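Each remark here refers to the structure printed beneath this line.
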Amino acid sequence: MKDGVVIKINEKEFKATEYQTVLTVAKNEGIDIPTFCYFEGIDPYGACRLCMVKVIKGPYRPGITTSCTLKVKEGLEVLTDTEEIRKYRKILLQLYLVMASDSELVKNLAFKYGVTSSPFSKKFDIKDSLGNKCILCGMCVRVCDALGVGAINYIGRGVYTKINTPYLEPSQDCLGCGACAKICPTGAIKFEDITKKRIMTSWIKTEIPFKECSLCGKDFVTEPLFNFVSKKMQIEVDEELKNLCSDCKRKLFSRKAIISTSL
Amino acid sequence: MKIQNLDDLDKVRNRGLNKIFTGKPKISVGLATCGIASGADKTYDALKNYIKDNELDVYLTKTGCIGFCRQEPIMNISLPDRPILIFAKVSEQDVNSILEKVLNERISDEKLLCKIEQWDHITSKTTYGCEFENLPSYSDIPFFKHQKKVVMRNCGLINPEDIEEYIAIGGYYPLYRAIKNMTPEEIIETVKKSWLRGRGGAGFPTGVKWEIAAKMRSQTKYIICNADEGDPGAYMNRNEMESDPHMLIEGMLIGAYAIGAQEGVIYVRTEYPMAIQRLDIAIKQAKEYGMLGDSIFGTDFNFKITVAKGAGAFVCGEETALISSVEGQAGRPRPRPPFPAEKGLWGMPTVINNVETWCNIPAIITHGGEWFAQIGREKNTGTKVFSLVGKIKNVGLIEVPLGTSLSKIVYEIGEGGIDGKKIKALQIGGPSGGCVPKKLFNTAVDYEKIRETGSIMGSGGIVVMDEDSCMIDTAKFFINFTSEESCGKCAPCREGLSRLYELIEKITDGKATEKDILLIEELGETIQKTSLCGLGQTAPNPVLTTFKYFRDELDAHIKEKRCPAKICKGLITYKVLTDKCKGCTLCVQFCPTGAITGTKGQPYEINSEICIRCGSCIDVCKFDAISVA
């Protein structure tokens with residue numbers, strides 16, 4: 001256990017531990033700091049810049065910085081809602097409004113901070129495979145990496161940056177696990193399940209075959225995900241249970257249990 | 001042979017001296033990228049053929065670039081015990097006549113620039129010979145007169161592909177002293193005393209950075225040389241590597257010994273093939289002579305250097321992006337802290353310094369920290385190399401003590417504008433820098449003073465602008481550059497710069513209003529304050545300084561819809577002057593859009609709707625019959 005420290009957020013003292021960031025402390029204490037690219041469980045990324053705070057005292061250089069990457073240290077004092085921060089936040093949200101013009105998340109957050117329109121303009125991209133909703137928070141890329149798959153990544157740079165599969169070809173590596181879609185804060189990533197396969201619509205319609213339950217015939221998991229997990233687990237699973245969907249597994253379990261108790 | 005002791009080093013030095021003082025006429029041609037671009041390789045070949053055809057006993061060799069780019073190709077000739085004679089603009093056709101005269105000691109060629117009798121290589125002083133009283137000396141030439149060469153101490157004077165010549169002028173002696181006679185702490189103390197600051201632009205004290213890394217408890221440490229020079233118009237580092245690669249290697253070796261690193265990386269952009277080639281040669285030679293590898297100079301200090309080639313992304317000059325790139329990932333910056341000195345390459349303590357910073361180290365070790373600290377001014381010590389380019393007479397690489405005024409650089413070293421044109425401003429610090437107007441040319445080049453103008457020192461690019469340059473257009477150019485080079489990770493830089501570019505385009509198209517100016521200023525400030533790395537944090541500087549210092553030009557664009565320099569295409573029209581036009585049809589043939597119509601022999605007309613303001617008609621018209629308004 002690392003040492004406990006005391007920091008000040010908006011002139012109020014809070015106890016924290018050294019591995020924490022200002023953002024996690026603030027979140028725990030119910031202090032409002034907006035974020036787009038932060039997710040508990042994956043390393044902070046510092047890209048959306050919305051979680052900026054102003055360091056006014058302590059071991060860091062005073063000024064504006066992101067709270068998601070700011071490790072707490074004894075004597076640190078920050079402010080989360082100054083006039084300066086409000087000004088920059090407004091501009092950033094205005095930029096996001098034109099960048100991901102169809103994202104409800106962006107609209108709602110902007111609305112919350114009083115931003116309803118943007119003085120900037122950008123052409124709507126009808127071919128955008130993420131439906132003009134992607135804010136490049138990189139959560140999908142990072143979660144896919146964290147799984148050890150890395151099927152998607154950034155393509156291009158600057159304002160041309162996009163997230164998709166390498167060479168915009170259907171992915172050979174995608175497991176079809178859907179973690180990217182699940183974590184995507186704007187709901188930009190889409191997939192569709194049809195008979196026998198899952199289609200990762202956003203990822204160049206990568207098709208992932210489903211595995212059928214050997215008892216009821218229902219699609220219950222994608223084939224590559226099943227293999228990936230089996231390999232990772234490295235434990236012997238009952239051959240009889242292995243190829244069953246969760247429903248059939250449960251039924252088989254209970255039937256066995258009933259038989260054993262009735263004997 | 002592997003050098004183990006001072007005797008070995010002296011032996012190599014003597015061999016090297018025989019290549020510098022050959023006992024016969026010696027000719028060297030400046031064959032760095034800049035020289036070759038001006039045809040120096042052809043001059044070299046012509047010399048080779050001339051010597052062969054006439055069976056002359058002449059020592060022909062290559063050298064780097066002395067910095068006077070306007071005068072390339074540059075050729076040095078030294079007769080035994082005579083000064084080095086520097087000839088300028090030597091084309092292949094000039095070779096015969098110059099050699100015929102010089103080899104017979106008839107020196108009165110208009111191609112002669114100056115002579116060098118003595119030279120302070122910093123690591124040693126060398127007398128080449130005193131003679132030819134009537135010829136101008138190096139210090140008589142305005143371009144050279146106000147310079148002080150510490151980093152470029154050997155550039156254009158020794159063969160960069162020969163380690164023996166480097167040792168001959170005292171090279172690798174500082175390393176020997178550092179390793180054999182100094183403790184790492186003493187070296188760091190010397191560097192701290194010298195007050196050397198990072199030459200990449202930010203100006204962090206080098207000694208302090210080394211000290212942080214030296215104190216880190218880690219078995220493995222790295223040092224990196226940042227040679228990812230990418231500012232438009234800047235090429236100081238390229239020349240330093242091409243003209244004197246060993247000074248960089250020696251500087252890195254001393255740094256590695258001081259902080260306890262075993263491995264170094266030189267990160268060079270692939271667009272610098274000759275620098276890479278010469279570094280490869282230099283590293284190979286340093287290995288052969290025992291300066292790189294295991295048990296250097298017979299001690300237990302081991303060090304190796306690898307060259308990592310960057311793919312030319314500007315953002316990879318940012319240290320954390322550079323580290324990502326070396327690790328094989330995309331060049332995207334990481335948040336700091338942790339700083340590389342604590343957690344850098346492969347998570348290990350890493351010292352990253354710019355090429356020029358490393359190159360200063362052997363000089364500092366030779367004469368001590370106090371010596372270095374008395375060059376320049378307090379807290380801004382030593383010299384800085386600048387590439388002086390743009391609309392200035394003397395284009396080239398210059399090295400001046402910190403504290404030298406911009407006006408001295410522009411008017412004395414650079415000798416002012418081309419063809420008497422008035423200089424309006426200069427842009428310092430590349431895309432991260434800003435425009436400094438003429439009225440502030442008394443500003444000294446000093447990290448703090450330059451910052452006060454709203455610009456930054458940067459890595460050393462100075463682009464000069466004259467009355468024909470439009471400052472708004474210049475700002476647009478730089479924003480376009482940084483927008484294209486943004487890595488795309490953080491929102492303010494990626495989205496903000498792109499929007500900023502569009503807003504500035506609105507000005508140059510004559511469609512902007514006062515409201516847009518306020519928006520640009522607010523957006524610019526947001527990008528500066530909220531971006532993740534130095535690229536975004538400094539990218540709005542060119543725009544914001546232009547708005548600050550060139551309000552009149554801005555107002556002309558916005559209120560009067562006029563571009564004073566007649567550059568912005570949305571604000572100018574081309575017209576045929578009917579009294580001058582002879583109706584020769586030449587412009588019609590060259591107009592790419594068919595905007596010019598009329599009857600042969602009669603004055604023609606330009607249709608503004610179709611005209612794209614490319615200027616082809618002006619270029620071809622023999623009667624000055626086309627005007628821009």
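Here are some notes:
- Relative contact order [Cα under 8 Å, 6+ residues apart], the range B:424-542, whole percent: 29 percent
- Prolate/oblate/rounded label for chain A (Cα gyration tensor, a/c 1.5): oblate
- The relative contact order of the range B:413-458 comes to 34 percent, based on Cα pairs under 8 Å that sit 6 or more residues apart.
- Cα gyration tensor category, rounded, prolate or oblate, for the range B:455-553 with a/c compared to 1.5: oblate
- Residues A:203, B:346, arranged from fewest to most other Cβ atoms within 10 angstrom of their Cβ, appear as B:346, A:203.
- Fraction of beta bridges assigned by DSSP in the protein assembly as shown that are antiparallel (%, nearest 5): 70 percent
- The range B:47-103: GluC sites (Glu not before Pro) in DSSP loop, at most 15 other beta carbons within 10 Å: B:55
- Computed over neighbours whose Cβ is under 14 Å from that of residue B:190, the net charge equals -2, Lys and Arg +1, Asp and Glu -1.
- Neighbour counts of other Cβ atoms within 10 Å put A:121, B:243 in the fewest-to-most order A:121, B:243.
- In terms of overall dimensions, the C-alpha atoms belonging to the range B:194-241 reach 41, 24, 15 Å along their principal axes, ordered largest to smallest.
- Rounded if a/c under 1.5, otherwise prolate or oblate - the range B:9-139, Cα gyration tensor axes: rounded
- Against the empirical curve 2.2 N^0.38 Å, the C-alpha radius of gyration of the range B:377-469 lands at a ratio of 0.97.
- Cut-off 10 Å between beta-carbons: net charge of the residues surrounding residue B:406, Lys and Arg +1, Asp and Glu -1: +3
- Ranking of B:85, B:112 by count of other Cβ atoms within 10 Å, fewest first: B:112, B:85
- Among beta bridges that DSSP assigns inside the range A:4-81, antiparallel share in %, nearest 5: 90 percent
- Amide H contacts under 5 Å for residue B:118: B:128, restricted to partners 5 or more places along the chain or on a different chain, H placed in the peptide plane at 1.01 Å from N.
- Candidates per GluC sites (Glu not before Pro) in the range B:328-419, loop by DSSP, up to 16 other Cβ within 10 Å: B:378, B:415
- For the range B:598-628, the list of trypsin sites (Lys or Arg not before Pro) that fall in a loop by DSSP and count at most 14 other C-beta atoms within 10 angstrom reads B:600, B:622.
- For chain A, built as a Gaussian network whose Cα springs stay under 10 Å, the top-fluctuating residue of A:251, A:87, A:182: A:251
- More than 43 angstrom apart: percent of Cα pairs within the protein assembly as shown: 45 percent
- Neighbours of residue A:212 by Cβ distance under 15 Å: Lys/Arg scored +1, Asp/Glu scored -1, total +3.
- If you look at the Cα atoms of chain B, you get an Rg and a Dmax of 26.6, 87 Å.
- Taking every C-alpha pair closer than 8 Å and separated by at least 6 residues, the mean separation divided by the residue count of chain B gives a relative contact order of 12 percent.
- Over the range B:171-372, the pair-distance histogram of Cα-Cα distances with 5 Å bins from zero comes to 1, 8, 17, 22, 22, 17, 9, 3, 0 percent, rounded to whole numbers.
- The range B:171-372: antiparallel DSSP beta bridges as a percent of all, rounded to 5: 10 percent
- Max mean-square fluctuation residue, GNM over chain A, Cα-Cα springs under 10 Å, options A:204, A:152, A:163: A:204
Since every read-out is calculated from the coordinates, none of them should be taken as a lab result. It should be emphasised that the depicted structure is a prediction, and the values quoted were computed from it without experimental measurement. Using ideal geometry, Cβ is built from the backbone for each residue, glycine included, and neighbour counts are taken over all protein chains shown.
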